[in-house]
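Each remark here refers to the structure printed beneath this line.
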Ligand code: NA7
């Protein structure tokens, strides 16, 4: 509560998801006074909010978990290869209890303003509850996929059935039994939830704007023997993960897709298909580097998907025509495409007949009208920068972060912004971010920041601030690396294409998690090259 909160701290952490929780643990262990401010009533970030039926991680549980504590790794038992949302949330709560995190977290409170005092080099953090905290460091751990995108559709507010965004799902759940349900959106969230809702609802209409690539998730329960093997091998697995492209151990085929024979291609894709999971899009090392290589995966995928859909006309609509496979995050599913064989499921092609309006009882497209009792918005997020834009972050000269990023996010290493000393951003634009395992990425970032703070203190320095030239170089490097791939060619949320008015900039660093980790470590080892280390005022 406001009364018991310290008004002077060393670090304010915004958000108590995986990055924020570890930031608290690590910085507190380093002797800092830390205050975490979290809008939700509990820890877990995206796993607190995204409670829709079918919500599950697409990174293996053994990887999508903290590595910082060997005791934690050994004592926690994952029940499935890919954990469900409730299990991940239980894990987050377990971590909060085990490391006594809650006493330094203010829940149910939203940060509104973060304003620099340029003379003192301190930040004033204000919250919606009227709290004011003065701090030396700010760690933004708000998450790249946390600001829900509510589509701008005429009449949406007038709908009298329930409207449920996947990222704001009611805690008590929703019973669709006997109901006529509409789902708008066929990204990862839609593709996970549609098969579950189809089993319950009387009738399900799926409103699809763009078809998406999805592969079988390949989830399986873990046996005691599986868990024992994982626990015995953690050290090596983590070592490989921190060197890997995406934060989980993976070895691509030794050949380029263009060098491989027809038989080798088929064998490799089939093996990945049977295993399941997002690594299908990394079967060959060059799959997103050229259209020719990409086509080998796309053709295999199409054949697999057409084979399980009864109606060829429906199959045609479900096959993407507008982007290369893997250039939007590939989705993983359990019987998604088969769901369209059900009598109670209907696919509405919004490309042919866009939604005109919504009223009290249904959705009107330019083609037909659909009477509905409930509407699910699986419409995603104002990704990467959306949650930071909602904060009034004011740096040097009264410039806001939003102004500084008007032409797209401008960071050095994804960690720091010129004009915003001692403000660090976790897993956002300019870092590998959503292209990697976010738990290990969070650890990497937090450890880097904690080491940087220790460096400042060891040298009696006040602040670390990215230099404008280093920012310009980093933005260029991220752009160049992306341009050497097919990744920026898709209208994805990686380039902000899903939000009207966003500048088109490819935001994540595509060079790989291991490479990125080495780059930021080298910068630190070189005495924070590219940063100004500012003396005490
Ligand atoms: P996504 O992947 O952004 O998917 C959102 C879906 O909603 C996508 O199919 C969109 O179509 C659709 N959408 C968005 N706005 C509209 C409007 N106005 N009308 C119709 N359809 C719309 O979000 P998810 O939550 O599924 O997944 C986000 C990430 O979370 C995922 O990649 C994982 O990393 C975890 P579009 O493709 O834009 O035509």
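How many of the residues in the range 140-161 are in a loop (DSSP other than H, G, I, E, B) and within 30 Å of residue 114 (Cα to Cα)?
11
I'd like the full set of residues that are within 13 Å of the ligand (Cβ to nearest atom) and in contact with a helix residue (DSSP H, G or I) (Cβ under 6 Å, 6 or more places away or on another chain), limited to the range 354-364. Quick ask: steps written out before the conclusion?
Taking the range 354-364 first, the residues within 13 Å of the ligand (Cβ to nearest atom) are 354-358, 363.
Hit for the range 354-364 is 358, nothing else.
Can you tell me which of 188, 210, 158 is more than 12 Å from residue 53 (Cβ to Cβ) and more than 12 Å from the ligand (Cβ to nearest atom)? If you could, list the steps in order and put the result at the bottom.
On the way: 188 fails: more than 12 Å from the ligand (Cβ to nearest atom); 210 fails: more than 12 Å from the ligand (Cβ to nearest atom).
Checking each option against the conditions leaves just 158.
So, in the range 315-353, exactly how many residues are within 30 Å of residue 482 (Cβ to Cβ), in contact with a strand residue (DSSP E or B) (Cβ under 9 Å, 6 or more places away or on another chain) and within 11 Å of the ligand (Cβ to nearest atom)?
So the answer is 5.
Among (1) within 16 Å of the ligand (Cβ to nearest atom); (2) more than 20 Å from residue 405 (Cβ to Cβ), there is one condition residue 514 misses while meeting the rest; what is its number?
For residue 514, the exception is condition (1).
Which one of these is closer than 30 Å to residue 65 by Cβ, away from the ligand (no atom under 16 Å from the Cβ) and modelled with pLDDT of 95 or more: 249, 195?
249
Among the residues of the range 400-429, which ones are over 25 Å from residue 10 (Cβ atoms), in contact with a helix residue (DSSP H, G or I) (Cβ under 9 Å, 6 or more places away or on another chain) and in contact (Cβ under 8 Å) with a residue 60 or more places away in the chain?
408, 409, 410, 429 - these are the residues of the range 400-429 that are over 25 Å from residue 10 (Cβ atoms), in contact with a helix residue (DSSP H, G or I) (Cβ under 9 Å, 6 or more places away or on another chain) and in contact (Cβ under 8 Å) with a residue 60 or more places away in the chain.
Let me spell it out: the conditions are (1) under 30 Å from residue 120 (Cβ atoms); (2) assigned to a helix (DSSP H, G or I); (3) in contact with a helix residue (DSSP H, G or I) (Cβ under 7 Å, 6 or more places away or on another chain), and residue 455 meets all of them except one. Which number is the exception?
Result: residue 455 passes all but (3).
Out of the range 287-317, which residues are within 17 Å of residue 490 (Cα to Cα) and touching a helix residue (DSSP H, G or I) at 6+ places or on another chain (Cβ under 7 Å)?
287, 288, 297 - these are the residues of the range 287-317 that are within 17 Å of residue 490 (Cα to Cα) and touching a helix residue (DSSP H, G or I) at 6+ places or on another chain (Cβ under 7 Å).
Residues in the range 90-108: is at least one within 16 Å of the ligand (Cβ to nearest atom) and within 22 Å of the chain's Cα centre (by Cα)?
no
In this structure, is residue 367 within 16 Å of the ligand (Cβ to nearest atom) and on the phi > 0 side of the Ramachandran plot?
No, not satisfied.
So which residues in the range 91-135 are surrounded by 15 or more Cβ atoms within 10 Å (Cβ to Cβ) and in a helix (DSSP H, G or I)?
Answer for the range 91-135, where residues must be surrounded by 15 or more Cβ atoms within 10 Å (Cβ to Cβ) and in a helix (DSSP H, G or I): 91, 92, 93, 95, 96, 102, 104.
Answer yes or no as to whether residue 496 is more than 16 Å from the ligand (Cβ to nearest atom) and either out of contact with any strand residue (DSSP E or B) (no Cβ under 8 Å at 6 or more places or on another chain) or free of Cβ contacts under 8 Å to residues at least 40 places away in the same chain (or both).
Answer is no for this residue.
Sort out which residues of the range 414-432 are surrounded by fewer than 24 Cβ atoms within 10 Å (Cβ to Cβ) and out of contact with any strand residue (DSSP E or B) (no Cβ under 7 Å at 6 or more places or on another chain), and write them in order of number.
419
Which condition breaks for residue 65 when tested against (1) under 16 Å from residue 238 (Cβ atoms); (2) in contact with a strand residue (DSSP E or B) (Cβ under 7 Å, 6 or more places away or on another chain)?
(2)
Scan the range 379-389 and give yes if some residue there is over 24 Å from the mean Cα position of the chain (by Cα), outside any strand (DSSP E or B) and within 29 Å of residue 486 (Cβ to Cβ), otherwise no.
So far as the range 379-389 goes, no, none of its residues is over 24 Å from the mean Cα position of the chain (by Cα), outside any strand (DSSP E or B) and within 29 Å of residue 486 (Cβ to Cβ).
If I filter the range 22-56 down to residues being within 16 Å of the ligand (Cβ to nearest atom) and not in a loop (DSSP other than H, G, I, E, B), which single residue comes out as nearest to residue 107 (Cα to Cα)? Quick ask: steps written out before the conclusion?
Taking the range 22-56 first, the residues within 16 Å of the ligand (Cβ to nearest atom) are 44-56.
Then keep just the ones that are not in a loop (DSSP other than H, G, I, E, B); that gives 46-49, 56.
Details: 46: 15, 47: 15, 48: 12, 49: 14, 56: 24 Å.
Among those residues, the one meeting the criterion is 48.
Yes/no per residue for (1) part of a helix (DSSP H, G or I); (2) in contact with a helix residue (DSSP H, G or I) (Cβ under 7 Å, 6 or more places away or on another chain); (3) within 16 Å of the ligand (Cβ to nearest atom); (4) free of Cβ contacts under 8 Å to residues at least 24 places away in the same chain:
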| residue | (1), (2), (3), (4) |
| --- | --- |
| 479 | yes, no, no, no |
| 501 | no, no, yes, yes |
| 524 | yes, yes, no, no |
| 534 | no, no, no, no |
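Just name the residue that is farthest from residue 358 (Cα to Cα) out of those in the range 162-180 that are in contact with a helix residue (DSSP H, G or I) (Cβ under 6 Å, 6 or more places away or on another chain) and not in a loop (DSSP other than H, G, I, E, B).
167
The values are calculated or read from the model by the stated rules, or taken from the named source; none is laboratory data. Bear in mind that the values here come from a model prediction, so they are computed numbers and not experimental data. In this analysis, Cβ positions are derived from the backbone assuming ideal geometry, glycine residues included, and neighbour counts consider all displayed protein chains.
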